[in-house]
Amino acid sequence: MDQRSQELLEFPLIRERLAAHTSFGPGRRLAEALEPSAEPVIVARSLDETDQARALIEERPGVGIGGAHDIGPWVDRATRGGRLEPAQFLELADTIEAATRLRLVLAEDRRPLLRELAGRLHPLPSLRATLARAFDPAGELLDTASPKLGPLRNAVRIAYDRLRRRLDTLVTSDIGSALQEPIVTLRNGRYVVPVRADARSRVKGIVHDASGSGQTLFIEPLVIVELGNVWREAILAEAEEVGRILDELSALVAVHADPLRETLTGLATFDFWAAKAALAADLQASRADAATGREIVLLSARHPGLTGRVVPIDVHLGDGFSALVVTGPNTGGKTVTLRTLGLLVLMHQAGLHVPAAPGSRLPVLNDVFADIGDEQSIAQSLSTFSGHLRSIIRIVGVAGPGTLVLLDELGAGTDPTEGSALAQALLDHFIRAGALVAATTHYAELKAYAHTTPGATNAAVEFDLKTLSPTYRLTIGLPGGSQAFAIAERLGLPAAVVEDARSRLTDAQRSFEATLAQIRETEGATTDALANARAADARAAEALRVADQERRRARDERAVGVRIAREEAERLLAGVRAEVEALRETLERGQLAAPALDAALERIEAGVAAMPDLDEASPEPRIEPADPDRVWAVGDRARSRSGGWEGRIVALERHGRVASLASGSIRVRVPVEELTDALQPEPKADEARGPRGAPSPGTTPSGFDLASTRARVVPSSLDLRGARVDEALEALDRYLSDASLAALPRVTVVHGMGTGALRDAVRAAAAAHPLAGDVRPGGRGEGGDGATIVSLG
């Protein structure tokens, strides 16, 4: 995108602020190279990077690349066969450690770009472990760096101790009187003693140096030369081994050069993303929504370079009009409006959050062009007008659809009549070219142009006449006034002079200013009404939010109630099942008397009655309400509302609380409160059976309506006793289908003993049924040979 315009809009300053948030050199270089993009995919990806990094840092403030260094030069040196220094190895180790820590955080994050970045950070455990064994935290080689290094260092210490002890003996006794001072020092890597020049003959040895006055000679006594040689040889051997170790480790770094470079790039990338997030937080910025067309909507936008009390502005462009003419007094904020508009567009297309309120919308433009500031140049013999014109000529040649043009003081610097005409022609050109354009001016002709030209509109920066200071607020749809007369009068210019100036205005100019003032007054009232309406909307939205929270709370409480009720029902049902099982065992032993049976049934009914009603806790009722006033009698036809069983009441038990429904040979016991009117009337004897006693379609042998029972609660047993074989087989087929739909794992078919014909037919039909699995006779407690157990599925 246009570099000159980026400089005029101060985008380089944004890059500097971004770079200040980075933590090390590679990340800083990425920040300094940031450029706006005209590719929507790249812009969206860059904004996603900022979003995800900002969310991560808000969740985990301590995450970062702490301890990482710019290891690129060291990796390059190792690749070329060079030897690295211990301090450089320490930086490599710190960087790998930082990458490992960051990788652990990013790999477990739910955001895709961060997880993807984790794959570019290589922990390199073998290299990290090797460096940890070779160097201490200060970067010094450890004795364990190689098998030879420890013994060699030990030899150096032993040779040094022997040398020092011999020297101390010489200094304190043998040659002490010949010394300038009783000390031992180093010259040219050899230990020497300071001997007075006049006592040279008393100390046999090698002279390595002399003082500036010549009064002192630094001599290595012959008696310690051999000890000195041994010490020096040990030092050289150690140095040779250290060099070999460093060369070996450097070669190991070269082997891992590619993953190290990728890791460094990954660290720099995260550092760059984190800097974008930090800048967004610093500016209290937010991500602008992607505009569906070319419209620009900035809400409460602020220029990033302003400090102190900043008045936000709302800017709209491209939705209904493509040219915005901004007018108003000097220092009122017209130029700041242009800079804010252009800079925020550049920031958005560079993947940065913009200092504007959420809900702002920005498109991805092909380019942004600006002509802002004084372009005059004495060296090039350019006046202000000529400088602006040269810049505008360049923009005219390239502006088109998908471009934003920002022009400050359009047409200024020349004759007002010609300047305003030229300005109108330029605005017409940019509108026809399909560009978005915003321009500032003081020309009244341009205010009229924006008011009458399709595709253009006025905007005004406000001015407080009481304080003679701008408010910096921008009002779109109204032209602004220069307020020259009001400002002159408030500053003390004689009233006669001001009045004389007003009288020189034409009638059209005075009428225009009066109309403009009336429009401003009306617009102010409209603005107040709109503010009140927005406040009412906000209150309504808050009320809706509170109501929604209450709804959610009530739903959660209802869900908790259902869960507790289900748990209570399951507990009680377990007790009922245990009671039934105990009753069955007593029956099998033949030890159950009538009173005991009645007591057991009473306990079972009490357990069932104590079960909580889950329908009261559920959000929707599942069964139709019962008629509490209905009185049932033996002989009435009724239907079970929950189970769907339908038949004639043949008995009322338990003081009228339980009814026995009979449909042919099938009987079920149903609580009276579960009964409702039957769906079908009592079949007549000649209608219940067809010719030769055949059952009517869709009924059991006794006329029980099977169609009405499907998709309802299916019992776990079928009683076919007394039915003919053909009737029983038809009922069996329907029953197995219903039981399979109800997901019953197994069912019991009761056919009795008899001659065995019905039993054999039922077992053969069940074994051949496509929904049946295992078929076996009933066992003890299951009816014996008078019943057949069918496994489904």
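The values are calculated or read from the model by the stated rules, or taken from the named source; none is laboratory data. Everything quoted here is computed from the prediction, not taken from an experiment. Cβ placement follows ideal geometry from the backbone for every residue including glycine, while neighbour counts extend to all protein chains displayed. Quick note on the areas: whole protein, heavy atoms, side chains included, nothing else; ligands and nucleic acids left out. Shrake-Rupley method; radii C 1.70, N 1.55, O 1.52, S 1.80 Å.
Going residue by residue through region 190-213, is there one that turns out to be surrounded by fewer than 16 Cβ atoms within 10 Å (Cβ to Cβ), among the polar types (S, T, N, Q) and part of a strand (DSSP E or B)?
no
For the structure I just gave you, tell me whether ALA438 is surrounded by 23 or more Cβ atoms within 10 Å (Cβ to Cβ) and at pLDDT 85 or above.
For ALA438, the condition - surrounded by 23 or more Cβ atoms within 10 Å (Cβ to Cβ) and at pLDDT 85 or above - is met.
Based on what the data block shows, is PRO401 open to solvent by 20 Å² or more (accessible area, probe 1.4 Å) and modelled with pLDDT under 90? Give the steps one after another, and end with the answer.
Details: open to solvent by 20 Å² or more (accessible area, probe 1.4 Å): yes; modelled with pLDDT under 90: no.
Spelling it out, it is not the case that PRO401 is open to solvent by 20 Å² or more (accessible area, probe 1.4 Å) and modelled with pLDDT under 90.
Please find, within region 719-769, the residue that is most open to solvent (accessible area, probe 1.4 Å) out of those that are part of a strand (DSSP E or B) and either more than 20 Å from GLY784 (Cβ to Cβ) or touching a Leu at 6+ places or on another chain (Cβ under 7 Å) (or both).
Ranking the candidates gives ARG746 first.
Suppose we filter region 101-123 for residues that are assigned to a loop (DSSP other than H, G, I, E, B) and buried (at least 18 other Cβ atoms within 10 Å of the Cβ); how many remain? Talk me through it step by step, then tell me what you get.
Narrowing region 101-123 to residues assigned to a loop (DSSP other than H, G, I, E, B): 108-111, 119-123.
From what's left, buried (at least 18 other Cβ atoms within 10 Å of the Cβ): 109, 120-122.
Going through region 101-123 one residue at a time, the tally reaches 4.
Looking for whichever is among the basic types (Lys, Arg), under 32 Å from the mean Cα position of the chain (by Cα), part of a helix (DSSP H, G or I) and within 30 Å of GLY139 (Cβ to Cβ) here; the options are ARG54, ARG29, ARG77, ARG45. Which one fits? So that I can check it myself, show each step before the final result.
Numbers: ARG54 fails: within 30 Å of GLY139 (Cβ to Cβ); ARG77 fails: under 32 Å from the mean Cα position of the chain (by Cα); ARG45 fails: within 30 Å of GLY139 (Cβ to Cβ).
Only one candidate qualifies: ARG29.
One line per residue, one yes/no per condition, for (1) without any contact (Cβ under 8 Å) to a residue 60 or more places away in the chain; (2) surrounded by fewer than 21 Cβ atoms within 10 Å (Cβ to Cβ):
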{"position": "ALA280", "(1), (2)": "no, no"}
{"position": "ARG302", "(1), (2)": "yes, no"}
{"position": "ILE313", "(1), (2)": "no, no"}
{"position": "HIS316", "(1), (2)": "no, yes"}
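Scan region 316-344 for residues that are farther than 16 Å from ALA450 by Cα and within 31 Å of the chain's Cα centre (by Cα) and jot them down.
Those that are farther than 16 Å from ALA450 by Cα and within 31 Å of the chain's Cα centre (by Cα): THR340, LEU341, GLY342, LEU343, LEU344.
For region 287-300: of the residues being in contact with a His (Cβ under 9 Å, 6 or more places away or on another chain) and surrounded by 18 or more Cβ atoms within 10 Å (Cβ to Cβ), which is farthest from ARG339 (Cα to Cα)?
Only one residue tops the list, namely ARG287.
Kindly indicate which of ALA517, ALA547, ALA531 is open to solvent by less than 60 Å² (accessible area, probe 1.4 Å) and modelled with pLDDT of 75 or more. Before you say what the answer is, go through the steps one by one.
Values: ALA517 fails: modelled with pLDDT of 75 or more; ALA531 fails: modelled with pLDDT of 75 or more.
One residue alone meets the criteria, ALA547.
Kindly provide the set of residues from region 334-352 that are touching a helix residue (DSSP H, G or I) at 6+ places or on another chain (Cβ under 9 Å) and open to solvent by 10 Å² or more (accessible area, probe 1.4 Å), ordered by number. Step through it out loud before you land on a result.
Of the residues in region 334-352, the ones touching a helix residue (DSSP H, G or I) at 6+ places or on another chain (Cβ under 9 Å) are 339, 342-343, 346-352.
Selection gives ARG339 alone.
Scan region 131-153 and report the pairs whose first residue is in a helix (DSSP H, G or I) and whose second residue is among the aromatic types (Phe, Trp, Tyr), with Cβ atoms within less than 6 Å and a gap of 6+ or a chain change.
Final answer for the pair search is LEU131/PHE89.
Tell me which of these VAL668 doesn't satisfy, since it passes every other one: (1) open to solvent by less than 20 Å² (accessible area, probe 1.4 Å); (2) modelled with pLDDT under 75.
Tallying (1) open to solvent by less than 20 Å² (accessible area, probe 1.4 Å); (2) modelled with pLDDT under 75, VAL668 fails exactly one: (1).
Filter region 78-100 down to residues that are over 20 Å from ALA129 (Cβ atoms) and touching a residue at least 40 places away in the same chain (Cβ under 8 Å) and give me whichever is most open to solvent (accessible area, probe 1.4 Å). Write out each step before concluding.
Kept after step one, since they are over 20 Å from ALA129 (Cβ atoms), are these residues of region 78-100: 79-83, 85.
Going one step further and asking which of them are touching a residue at least 40 places away in the same chain (Cβ under 8 Å), we end up with 79, 81-83, 85.
Details: THR79: 72, GLY81: 66, GLY82: 23, ARG83: 106, GLU85: 90 Å².
By that ranking, first place goes to ARG83.
For region 237-278, give me each residue that is of a type outside the set (Phe, Trp, Tyr), open to solvent by 10 Å² or more (accessible area, probe 1.4 Å) and farther than 30 Å from PHE135 by Cα.
Within region 237-278, ALA274, ALA278 qualify.
Kindly check whether there is at least one residue in region 47-54 that is buried (at least 17 other Cβ atoms within 10 Å of the Cβ), more than 19 Å from LEU279 (Cα to Cα) and of a type in the set (A, V, I, L, M).
Looking only at region 47-54, we keep the residues that are buried (at least 17 other Cβ atoms within 10 Å of the Cβ), and these are 47, 49-54.
Checking the rest, the ones that are also more than 19 Å from LEU279 (Cα to Cα) come to none.
No, region 47-54 contains no residue that is buried (at least 17 other Cβ atoms within 10 Å of the Cβ), more than 19 Å from LEU279 (Cα to Cα) and of a type in the set (A, V, I, L, M).
Looking at the structure I just gave you, is THR307 surrounded by 20 or more Cβ atoms within 10 Å (Cβ to Cβ), at negative phi and of a type in the set (S, T, N, Q)? Before you say what the answer is, go through the steps one by one.
Values: surrounded by 20 or more Cβ atoms within 10 Å (Cβ to Cβ): no; at negative phi: yes; of a type in the set (S, T, N, Q): yes.
So THR307 fails the test.
Taking region 778-793 as the region of interest, how many residues are without any contact (Cβ under 8 Å) to a residue 12 or more places away in the chain and either under 18 Å from PRO745 (Cα atoms) or among the acidic types (Asp, Glu) (or both)?
If we filter region 778-793 for residues that are without any contact (Cβ under 8 Å) to a residue 12 or more places away in the chain, which is where we start, we get 779, 784.
Within this subset, residues satisfying the condition of being either under 18 Å from PRO745 (Cα atoms) or among the acidic types (Asp, Glu) (or both) are 779.
Matching residues across region 778-793 total 1.
Matching residues to (1) farther than 30 Å from GLU248 by Cα; (2) modelled with pLDDT under 90; (3) crowded, with 16+ Cβ neighbours inside 10 Å; (4) of a type in the set (S, T, N, Q):
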{"position": "ASP143", "(1), (2), (3), (4)": "no, yes, no, no"}
{"position": "SER173", "(1), (2), (3), (4)": "yes, yes, no, yes"}
{"position": "GLY176", "(1), (2), (3), (4)": "yes, yes, no, no"}
{"position": "GLU181", "(1), (2), (3), (4)": "yes, yes, no, no"}
{"position": "LEU186", "(1), (2), (3), (4)": "yes, yes, no, no"}
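May I ask you to say which residue of GLN52, GLN6 is in contact with a strand residue (DSSP E or B) (Cβ under 9 Å, 6 or more places away or on another chain) and not basic (Lys, Arg)?
Numbers: GLN52 fails: in contact with a strand residue (DSSP E or B) (Cβ under 9 Å, 6 or more places away or on another chain).
Exactly one of GLN52, GLN6 is in contact with a strand residue (DSSP E or B) (Cβ under 9 Å, 6 or more places away or on another chain) and not basic (Lys, Arg), namely GLN6.
Might you check whether a residue that is small (Gly, Ala, Ser), in contact with an Asp or Glu (Cβ under 8 Å, 6 or more places away or on another chain) and open to solvent by 50 Å² or more (accessible area, probe 1.4 Å) occurs anywhere in region 14-30?
Looking only at region 14-30, we keep the residues that are small (Gly, Ala, Ser), and these are 19-20, 23, 25, 27.
Going one step further and asking which of them are in contact with an Asp or Glu (Cβ under 8 Å, 6 or more places away or on another chain), we end up with 19, 23, 25, 27.
Remaining after also requiring open to solvent by 50 Å² or more (accessible area, probe 1.4 Å): 23.
Yes - at least one qualifying residue is present in region 14-30.
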